[in-house]
Amino acid sequence: MPRRARLEAKPQDTNGRRQEEAMWVRNAWYVACWSHELEAGQILARSIIDEPLALYRKQDGTAVAFEDRCCHRFAPLSKGRVEQDDLRCMYHGLKFAPDGRCIEIPGQPLIPHSAAVRRYPTIESGSWLWVWMGDAAAADPALVPPSIALDDPGYRLRCGRLDFAADYQLIDDNLLDLSHLSYAHEKTLGLGAPQWADERPRIIRLERGLRVQRWLRNQVRGYLRRDATFDMWSTYDFLVPGIFLLRTAWYPPGTADGLQLKPPTAAPLFLRCDEQAVTPMTARAARYFYATGARAADIDQRQLDRMFAVVEAAFHEDKAIIEAQQVVIDRDPTRRMLPTSFDAGPTQFRRILAELVEREAQPAQRMAAAAQAQ
Amino acid sequence: MPRRARLEAKPQDTNGRRQEEAMWVRNAWYVACWSHELEAGQILARSIIDEPLALYRKQDGTAVAFEDRCCHRFAPLSKGRVEQDDLRCMYHGLKFAPDGRCIEIPGQPLIPHSAAVRRYPTIESGSWLWVWMGDAAAADPALVPPSIALDDPGYRLRCGRLDFAADYQLIDDNLLDLSHLSYAHEKTLGLGAPQWADERPRIIRLERGLRVQRWLRNQVRGYLRRDATFDMWSTYDFLVPGIFLLRTAWYPPGTADGLQLKPPTAAPLFLRCDEQAVTPMTARAARYFYATGARAADIDQRQLDRMFAVVEAAFHEDKAIIEAQQVVIDRDPTRRMLPTSFDAGPTQFRRILAELVEREAQPAQRMAAAAQAQ
Amino acid sequence: MPRRARLEAKPQDTNGRRQEEAMWVRNAWYVACWSHELEAGQILARSIIDEPLALYRKQDGTAVAFEDRCCHRFAPLSKGRVEQDDLRCMYHGLKFAPDGRCIEIPGQPLIPHSAAVRRYPTIESGSWLWVWMGDAAAADPALVPPSIALDDPGYRLRCGRLDFAADYQLIDDNLLDLSHLSYAHEKTLGLGAPQWADERPRIIRLERGLRVQRWLRNQVRGYLRRDATFDMWSTYDFLVPGIFLLRTAWYPPGTADGLQLKPPTAAPLFLRCDEQAVTPMTARAARYFYATGARAADIDQRQLDRMFAVVEAAFHEDKAIIEAQQVVIDRDPTRRMLPTSFDAGPTQFRRILAELVEREAQPAQRMAAAAQAQ
């Protein structure tokens, strides 16, 4: 309890330099890439929570994720070669099976038991390749967040990605406090919906994240029609480590009346989808994956392309302000931020991450404590 | 006294890595920019003694200098927007009055007293915008060095600036020992005056700096005429933190006879002015501001342009040797330099800076000691 | 003896970050440059074992190597000027004789005894300029490895150089385990000789290095003829700090029969020469000098150019894998490599370097111990 109290007292103690050890949640599914980025026969080098990975596909298409370091003399396996289901290091020729075991050392008949590289669990869901960075025994497919596949016939989506030179938590903060739309994005995303900074959302705690919901009234339908206004219901789940699944639904004016922060019950006139994932690559680098679109019937390709262009412009606005913010933070990590009423989302989510990190750090002590308590 | 003795025993203990805390004089006016660099409606990001500033102008033209960090989530204010006399952070929209107080937090009616950013005193004098980096209560306009404005009708001047990847004190050293003109600038500034390394100047201690004076004989009039020689009187004040105000006066041959190092009494045939300011941006970056020219009657624009070209070529020579020197110093900060008879100026000025730094560091103890002594 | 045991127990404890102090052999001849790189009147800036040097030639052509730091205010001497046999610093004009003594301080008649810069012994041999980085009294010309000069009429050679962003010992490792030819160079050097990974060489300990020898059968004559196969005798001396002197001799098929790992006695049909030197510039930068060729009668210029192109392509392959390996090593220096049967050469040579480093570090204690033992 004292430890917990300490964490709550310092919700912003994460603004320091290179605190990766403290802040990485290991037991989580991280988006490594769009599934289509990993082609047969190719090896992708990707870093997640400061751990370099070599990704490739077996002949049946299953993705394999190895640590990107040959156990012999530490050449990166991502500079190796896929040979059927195996991966060969192209410095001195050691070959590894998909489970990470070394199965060939050229010129040496005996292969020691220790000749192996770490293999990480993988799964493909939605259109993302997810990697579990923690204890392989705990890798639970049920924990993969439910994103829509790019080729889902019910939707029309377009995807992209962008790298940030910043702590991924600053991007999480950004996505958990959409009041910034009115300022950082006043000419892009905020254009059709200027009230973001004036409406306090409802925030619901989920098992591994938060649900954030609000009504905005008198909205024009964004990138599509400007000749009418609607009531707009915005709801997203934000899940560990930084998965953002947003649904924006437009209704006839007056629908929100009397609903306060409760969700609508009828089907919307128009339903927009935004699927995003923030992946920490290192303590100061993150990759931001995003898809945007709507129900297939609601949008055509030309409208989608226009919407996507606005979205990408906005993400570059985020990148500029967040990278600048990171520089300021790193210049003096001892400074304390000023909390405002809009920081509830970021603060609660950082606490969820901190609790998961703490739980992973002390499984033995906790079990012992639980045993003693009985 | 033992402390003072220690400083004198180690006049060169400043060659270490990143000693900014020890070596920054805070209670001083620093040149932030040429006044014309800061335009209405714009925000300039500038760093002085490793502190980032956001500079803008109020509607009446008065310059405002804030720390470049919003108190909310540390976005840089220099990426904000000027709104009348105020500055708005363009991440989440907090607005600040010219005194640094936050006067608007979007979506939050109550503004806590702690919502404020640091404001630095500013003044415009000559053609420079000066910022006082220390205790605002101690900011004394009388301490601003008296430089000539670029639009002073009595003079014809041209200005520029150059950044050095070096400790600003190496540039100060350079300006305080002009013997280097004979070698570093043998083909530029040293061309018309090869005796710099042979004439020891007179050095006079000022309240916050040094005055350096010398006669040089048989000089050609630099960039103007080479068909006659003159006696040349060179005098400059070098003031904290690195303000260099040089007057070079040409006289008929023989004027210097019997004057030793005493100044001339008659009006010169020709009077050249060089106004320069060295501003430390970080421990290893400095900005060098300079204007060069002469009395309006002494020079025309074509001659000034020729003179300015030589000056800029020479400053690039300084930049090359000083940046190279910095690299060598940083490679092994424990090495001791060899003092020569020309180092009196640099050594004395470093001592002045060290004394000011020390005085700022221990005001309370000194006052207590003074009280006890009575 | 316990110390020695420790070294043998941890042959790979050199994979850490910036261990330059521990791992530099000082008492050794290092290749500073090709002799033709240092032209009369020029000053070359070169770094060896993290010590910057200024190299120039006296009027009689003799090379002089100074530390690249004026003793006055630490300007680099490599930005100075050669004046007859001397070198003048072009910041404030101090002049140094070839023995390192300062012989002129402008404006100061008295030159203190301490006014001097460090001079390093040099020698030119083969076509390389060698510098002795340790105790000058111990500089023994007999320790210079015997390389072939580029203008030796008996040979036709072509030379080049390549910089690696890596610990030089990783390049040494690479040259001491040619099994990598089959993988890293499968399309270049390994093309004509695919058995490198299958043939364990004979390794002979030399005074300051290793001799590595092997027969390879059924070899095509590399870049020259592919219509016949030969027995190929490969032998090289690898000497401190990283000098690689390879001779590759082609014999009629069957010559190797019964010889096991013993050298041939007859004259070869074709004799190829490869002369290489690895020079550590800093802990993470090395310069690789190389010449390749054959007996003059064995090769014409067109064939040599073709051979050289393959060699350079292969060295770029080495550079890519070694620089990538260095990044992986530095990411986690605590990881232990997996030894294989091919690591005998690298492991033994690292032990030789470690012993030399240790011997240099403790001359006094060792002498005392020897005295006590009597």
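The values are calculated or read from the model by the stated rules, or taken from the named source; none is laboratory data. Note that the coordinates shown come from a computational prediction; the quantities given were computed from them, not determined experimentally. Glycine gets a Cβ as well: all are built from the backbone with ideal geometry, and neighbour counts include every protein chain shown. Each accessible area value is taken on the protein alone, full model and side chains, heavy atoms only, with ligands, DNA and RNA left out. Shrake-Rupley method; radii C 1.70, N 1.55, O 1.52, S 1.80 Å.
Taken over chain B, the alpha-carbon convex hull comes to 171 cubic angstrom per residue. Charge dipole of chain A (Cα centre as origin; +1 on each Lys and Arg Cβ, -1 on each Asp and Glu Cβ, all else neutral): 440 debye, rounded to the nearest 20. In the protein assembly as shown, the calculated helix contribution to ellipticity at 222 nm averages -7000 deg cm²/dmol per residue, counting -39,500 (n - 2.57) for every DSSP H run with n ≥ 4.
Rolling a 1.4 Å probe across all protein chains gives residue B:341 an accessible area of roughly 40 Å².
Mean separation of Cα pairs under 8 Å and 6 or more residues apart, divided by the residue count, gives segment C:126-250 a relative contact order of 15 percent. Cβ screening of chain B for cysteine pairs under 4.7 Å finds these without a partner: B:33, B:71, B:102, B:159, B:273. Cβ-Cβ distance of residue C:305 and residue C:228, R₀ of 25 Å, FRET efficiency by 1/(1 + (r/R0)^6): the value works out to about 0.65.
When C:281, A:307 are compared by accessible area at a 1.4 angstrom probe, the order from most to least is C:281, A:307.
Ranking C:82, C:71, C:116 by how far each Cα lies toward the positive end of the dipole of segment C:17-142 (charges on Cβ) leaves C:71 at the top. So for the protein assembly as shown, taking the charge dipole from beta-carbon charges (+1 Lys/Arg, -1 Asp/Glu), which of B:143, B:324, C:159 sits furthest toward the positive end? Among B:143, B:324, C:159, the one farthest towards the positive end of the dipole of the protein assembly as shown is B:143. The dipole here belongs to segment B:148-330: it is taken about the Cα centre, uses +1 on the Cβ of Lys and Arg and -1 on the Cβ of Asp and Glu, and is about 480 debye. Placing pseudo-labels 7 Å out from each Cα toward the beta carbon at residue C:148 and residue C:360 gives an inter-label distance of 3.1 nm. With 21 Å as the limit, the listed pairs A:187/A:319; B:187/C:58; A:187/B:79; A:95/C:262; B:58/B:79; A:79/C:319 have B:187/C:58; A:95/C:262 beyond it between alpha carbons. Once C-alpha pairs closer than 8 Å and six or more residues apart are averaged by separation and normalised to the residue number of segment C:218-342, the relative contact order reads 16 percent.
Couplings for segment A:69-77, taken from phi via the Karplus curve 6.51 cos²θ - 1.76 cosθ + 1.60 with θ = phi - 60°, read 7, 5, 6, 6, 10, 6, 5, x, 5 Hz in order; Gly and Pro are left as x. Sort segment C:150-355 into rounded, prolate or oblate with this rule: let a ≥ b ≥ c be the square roots of the eigenvalues of the Cα gyration tensor; rounded if a/c is under 1.5, and if a/c is not under 1.5, prolate when a/b is larger than b/c, oblate otherwise. The shape class here is prolate. Got the relative contact order for segment A:31-133 handy, in percent, Cα pairs under 8 Å and 6 or more residues apart? In percent, rounded to a whole number, it is 25. For the pair segment C:159-175 / segment A:108-159, the C-alpha centres are spaced 38 Å from each other.
Here the calculated FRET efficiency for residue A:211 and residue A:323, from their Cβ-Cβ distance with R0 = 25 Å, stands at 0.30, rounded to the nearest 0.05. Treating each Cα of the protein assembly as shown as an identical point scatterer and ignoring solvent, apply the Debye formula and state log10 I(q)/I(0) at q = 0.04, 0.05, 0.09 Å⁻¹. Once normalised to I(0) and log-transformed, intensities are -0.31, -0.48, -1.28. Average projection, convex hull of the Cα set of segment B:28-142: 7.1 square nanometres. Judged by the gyration tensor of its Cα atoms, with axes a ≥ b ≥ c, segment B:74-134 is prolate; a/c meets the 1.5 cut and a/b is the larger of a/b and b/c.
Taken over segment A:146-199, the alpha-carbon convex hull comes to 146 cubic angstrom per residue. For the set C:53, C:246, the ranking by accessible area, highest first and with no ligand, DNA or RNA atoms included, is C:246, C:53 under a 1.4 Å probe. Within 10 Å of the Cβ of each residue in A:97-108, the mean number of Cβ atoms contributed by other protein chains is 3. Since only B:309, B:283, B:213 are under comparison, the one whose Cα sits farthest along the positive direction of the charge dipole of segment B:148-330, derived from C-beta charges on Lys, Arg, Asp and Glu, is B:213. One Cα centroid belongs to segment C:270-339, the other to segment A:235-295; the line between them spans 54 Å.
Taking all protein chains together and rolling a 1.4 Å probe, residue C:50 ends up with roughly 50 Å² accessible.
Counting, for every residue in C:330-341, the Cβ atoms of other protein chains within 10 Å of its Cβ and taking the mean gives 5.
If the label for residue C:62 sits 7 angstrom from Cα along the Cα-to-Cβ line, what are its distances to the same label in every other copy, in nm to one decimal, shortest first? So the label point of residue C:62 gives 7.3, 7.3 nm to the other copies. In nanometres and ascending order, the distances from the residue A:84 label point to those of the other copies are 7.8, 7.8 (point 7 Å from Cα along Cα→Cβ). A simple rule links phi to the HN-Hα coupling: the Karplus curve 6.51 cos²θ - 1.76 cosθ + 1.60 with θ = phi - 60°, which for segment B:178-186 gives 7, 4, 5, 4, 5, 10, 4, 10, 4 Hz, with x for Gly and Pro. Inter-copy label distances at residue C:254, shortest first and taken from points set 7 Å along Cα to Cβ: 10.7, 10.7 nm.
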